Amino acid sequence: MRGGSFGSLARALLGRLADLTPRRAMPAVPSQIGIFLYWGIGDAVQMLPFLRALRDFYPKARITALGPAWIDDVFAGQGLFDARADLNPPWARHHGADRVRDSAWRRFAGQFARLRRTEFDLVIGLRPDPRDAALARLLRTKAFAGIAGRGPKGWISLDLGEGFDDLYNASGAKVAAHAAKRLTGSDVSPLPRFPVLPPAPQFPGRPLLAISFGASHPIRRWNGAAISRVLTGLRSPPGTLLLVSHPDSPEIVAPPGWNVIRWAGSLSELRDTLTSVDVLFCTDSGVMHIGDAAGCRVVALFTAGNISRFAPLGQPLYAVEPMPCRPCYDRCIYDSPRCVDQIDEAAVSALLDRTLSRAGPD
């Protein structure tokens, strides 16, 4: 049986089961709210329009983020949550979700068992994925506000995606803003922005250009020699170059005479540092979304990712086109990824030049 046919059958069976065991209606004023944030950093940051609206709409509710430990770092000091509970479903990871015997599934079973001890009035999910609805159905919650899509509608008390076209390819931030209106009845800006940011750290020389090319998958990285050539191709150097270091970052060599700062720190420290950055040059990654939400200009290089789903709204980006295999979900069909191999370094330099010129010097 083909994967598509199996998926259709599974959705049909879930739909029938949901019709037989439907969720109750939304509570009038929930006091205990849980929200799924386990899919990834970029997904979570794109949910900021909804998260801010949720906090404002239910100011007295206890809101618990359900997801990995990085949530504490990315959203530190934002006042969006009162607590976090560990939840790392193996299907949300990039690779190996089908390995049912590995330790990730055992850890998830323990997390789920602990989470079952908490009774929620409302659990929320913003992905059109039937596994969200199924997971919420197994938790102790009175209601689930989620996105039905092609999933089991009977398990959803409030369909936050109703009336939105193409939920599977639309910008996550636009989906979040739509979901916020469905919940609160008020229009919300789709631009993801952190509600609380400290005074920007001071760096010498403007414009300040930050570069971050660490990524969890090799297809989303670009080699350091190519990035170094892009910098050499700039018409004028930035005032300061901030090289953001990750364990998987490429080695980048700045042209002679440039003022270079190598930076390493936590995600919350990076978020606060990016408030000082004029331009962030990066790959499609969680750092890209953090920089966008911190308010800096972002020049993003997209390789394998879903551009319509993850590109920051209104920000310049570069991608090799045409690329009919995108998004490939990091499973390249070629011997070597053409979306990386065919990057035009001169075009990237020109894009970066234009963006830096708008930032302006001191």
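The values are calculated or read from the model by the stated rules, or taken from the named source; none is laboratory data. Quick caveat, the model's predicted, so the values are computed rather than measured. Note: ideal-geometry Cβ built from the backbone for every residue, glycine included; neighbour counts use all protein chains shown.
Taking the criterion of being buried (at least 20 other Cβ atoms within 10 Å of the Cβ) and either part of a strand (DSSP E or B) or in contact with a Cys (Cβ under 7 Å, 6 or more places away or on another chain) (or both), the residues of segment 24-62 that qualify are Ile33, Gly34, Ile35, Phe36. Of note, Ala254 satisfies the criterion of being in the same structural domain as Tyr334 (by TED's automatic domain parsing), part of a loop (DSSP other than H, G, I, E, B) and surrounded by fewer than 21 Cβ atoms within 10 Å (Cβ to Cβ).
Does segment 232-252 contain any residue that is without any contact (Cβ under 8 Å) to a residue 12 or more places away in the chain and not small (Gly, Ala, Ser)? There is no residue in segment 232-252 that is without any contact (Cβ under 8 Å) to a residue 12 or more places away in the chain and not small (Gly, Ala, Ser). Just the residues that are farther than 17 Å from Ile124 by Cβ and among the β-branched types (Val, Ile, Thr), please, taken from segment 169-198. The one that is farther than 17 Å from Ile124 by Cβ and among the β-branched types (Val, Ile, Thr): Val196. Of Gly295, Gly305, all but one fail to be assigned to a loop (DSSP other than H, G, I, E, B) and surrounded by fewer than 22 Cβ atoms within 10 Å (Cβ to Cβ); the exception is Gly295. Show the residue pairs meeting these rules: Cβ distance below 8 Å; 6+ apart or different chains; first residue within segment 311-329 and in contact (Cβ under 8 Å) with a residue 60 or more places away in the chain; second residue surrounded by fewer than 18 Cβ atoms within 10 Å (Cβ to Cβ) and assigned to a loop (DSSP other than H, G, I, E, B). Once the first residue is in contact (Cβ under 8 Å) with a residue 60 or more places away in the chain and sits in segment 311-329, its partners that are surrounded by fewer than 18 Cβ atoms within 10 Å (Cβ to Cβ) and assigned to a loop (DSSP other than H, G, I, E, B) give Leu313/Leu191; Gly314/Leu191. Within the bounds of segment 292-312, is there any residue that is within 21 Å of Glu345 (Cα to Cα) and aromatic (Phe, Trp, Tyr)? Checking segment 292-312: at least one residue is within 21 Å of Glu345 (Cα to Cα) and aromatic (Phe, Trp, Tyr). Of all residue pairs spaced 6 or more apart or on separate chains, those with beta-carbon atoms under 9 Å, a first member in segment 333-351 that is surrounded by fewer than 11 Cβ atoms within 10 Å (Cβ to Cβ) and a second member that is modelled with pLDDT under 95 and in a helix (DSSP H, G or I) are Tyr334/Asp341.
Of everything in segment 223-251 that is part of a loop (DSSP other than H, G, I, E, B) and polar (S, T, N, Q), the residue that is farthest from Ile290 (Cα to Cα) is Ser236. Take Arg271 and tell me if it is buried (at least 23 other Cβ atoms within 10 Å of the Cβ) and either among the basic types (Lys, Arg) or at positive phi (or both). Yes, satisfied.
Within segment 133-160, being at pLDDT 90 or above, in contact with a Pro (Cβ under 6 Å, 6 or more places away or on another chain) and closer than 19 Å to Tyr38 by Cβ holds for Ala133, Ile147.
Go through segment 156-195 and give me each residue that's over 17 Å from Gly146 (Cβ atoms) and in contact with a Gly (Cβ under 9 Å, 6 or more places away or on another chain). Leu191, Pro192, Arg193, Phe194, Pro195, listed by residue number. What is the number of the single condition among (1) buried (at least 16 other Cβ atoms within 10 Å of the Cβ); (2) in contact (Cβ under 8 Å) with a residue 60 or more places away in the chain that Ser228 does not meet? Just one mismatch for Ser228, condition (2).
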